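Remarks on the structure that follows.
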Amino acid sequence: MIRIGIIIGSTRPGRKGKAVGEWVYEIARKRSDAEFELVDIKDFNLPLLDEPNSPMMGQYTQPHTKIWSAKISSFDAYVFVTPEYNHATSGALKNAIDFLYHEWVNKAAGFVGYGGASGTRAVENLRLIMGELQIADVKAQVGLSLFTDFENFSIFKPAAQQEQSVNTMLDQVIAWGGALKSLRQLSAVY
Ligand SMILES: Cc1cc2nc3c(=O)[nH]c(=O)nc-3n(C[C@H](O)[C@H](O)[C@H](O)COP(=O)(O)O)c2cc1C
């Protein structure tokens with residue numbers, strides 16, 4: 001069974017990302033075709049990238065990088081839960097991604113975006129980044145709107161059909177995450 005990390009991509013006080021990530025996790029853990037873990041980047045206290053070497057070298061000097069690396073290595077696939085900040089993902093999530101390289105390669109990913117425009121541009125931004133990391137990003141994505149999935153733009157109350165959207169995205173992540181496992185075992189080509 002593959003392991004999937006559900007990554008909460010915002011860190012600010014009062015963030016909506018924690019409620020969204022926990023909701024995704026509660027839907028995911030009802031499934032029996034993969035194992036899921038909620039990963040809150042806030043818990044890893046990553047500063048702005050402070051490694052002297054490119055992550056492609058894998059020569060980490062900082063304890064926080066080694067802890068983050070071990071966590072991300074432990075998964076076969078990811079679900080990125082991303083806010084939209086100025087038509088992109090959050091700086092915190094981009095920074096957390098930038099810390100590592102080989103840990104991400106030949107894995108699968110899906111997205112849950114949220115914001116005024118359902119996080120669609122944040123997800124498009126992440127899709128560009130996925131190509132460089134050799135992460136296979138699935139088509140199905142979840143878009144949560146501040147207008148229809150949050151009460152008064154603040155309390156998270158997802159529309160009923162959103163649970164099905166999560167499961168459709170997870171179906172694809174699990175299929176690709178499993179298929180890429182053999183490639184990860186065979187290939188050391190980056
Ligand atoms: C710095 C900043 C920039 C934002 N830019 C956008 C934007 O470009 N498009 C959008 O739809 N919503 C935008 N929003 C609204 C956020 O997507 C929304 O507040 C969301 O809840 C932020 O996620 P968080 O609560 O987990 O931090 C922005 C919010 C912030 C704080």
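The values are calculated or read from the model by the stated rules, or taken from the named source; none is laboratory data. Keep in mind that this is a model prediction, so the values were computed, not measured. With ideal geometry, Cβ positions are generated from the backbone for all residues, glycine too; neighbour counts draw on all protein chains shown. For the accessible areas, the whole protein counts, side chains as well, though only heavy atoms, and no ligand, DNA or RNA atoms are used. Shrake-Rupley method; radii C 1.70, N 1.55, O 1.52, S 1.80 Å.
For the reader, a short list of remarks on this structure follows.
- Mean residue ellipticity at 222 nm, helices only, the chain: -12000 deg cm²/dmol; runs of at least 4 DSSP H residues each add -39,500 (n - 2.57), and the sum is divided by the number of residues.
- Surrounding net charge for Asn125, when Lys and Arg each add one and Asp and Glu each subtract one, Cβ distance under 11 Å: +1
- Members of Lys16/Lys66; Lys18/Lys94; Lys94/Lys157; Lys18/Lys181 lying beyond 19 Å, as alpha-carbon distances in this model show: Lys16/Lys66; Lys94/Lys157; Lys18/Lys181
- Efficiency of FRET between Arg29 and Arg184 - r from beta-carbon atoms, R0 30 angstrom, step 0.05: 0.80
- √(5λ) per eigenvalue of the Cα gyration tensor, the range 47-97, largest first, Å: 22, 15, 9
- With the gyration tensor restricted to C-alpha atoms of the chain, the semi-axes of the equivalent ellipsoid amount to 26, 20, 14 Å, longest first.
- Glu132 accessible area, assembled protein chains, probe 1.4 Å, Å²: 110
- Along each principal axis, taking the top coordinate minus the bottom one, the Cα set of the range 84-184 gives 45, 28, 16 Å in descending order.
- Among Asp43, Asp98, Asp149, residue whose mean-square fluctuation peaks in a GNM of the chain (springs only between Cα atoms under 10 Å): Asp43
- Gyration tensor verdict on the range 1-51 (Cα atoms; rounded if a/c is under 1.5, prolate if a/b is larger than b/c, oblate otherwise): oblate
- GNM remark for the chain: springs join alpha carbons under 10 Å apart, and the peak mean-square fluctuation among Thr61, Thr82, Thr168 falls on Thr61.
- Whole-percent carbon and sulfur share, accessible surface of the chain, 1.4 Å: 55
- Note that the range 33-190 presents 47 Å² accessible area per residue, ligands and nucleic acids not counted, probe 1.4 Å.
- Mean separation of Cα contacts under 8 Å (6+ apart) over length of the chain, as relative contact order %: 22
- Rounded Å value of the spacing that divides the Cα centres of the range 1-75 and the range 87-130: 12
- Anisotropy class of the range 1-101 from Cα gyration tensor, a/c 1.5 cut: oblate
- Residue-span extension gain [Asn45 to Asp98] - 0.36 nm each, minus C-alpha spacing: 17.6 nm
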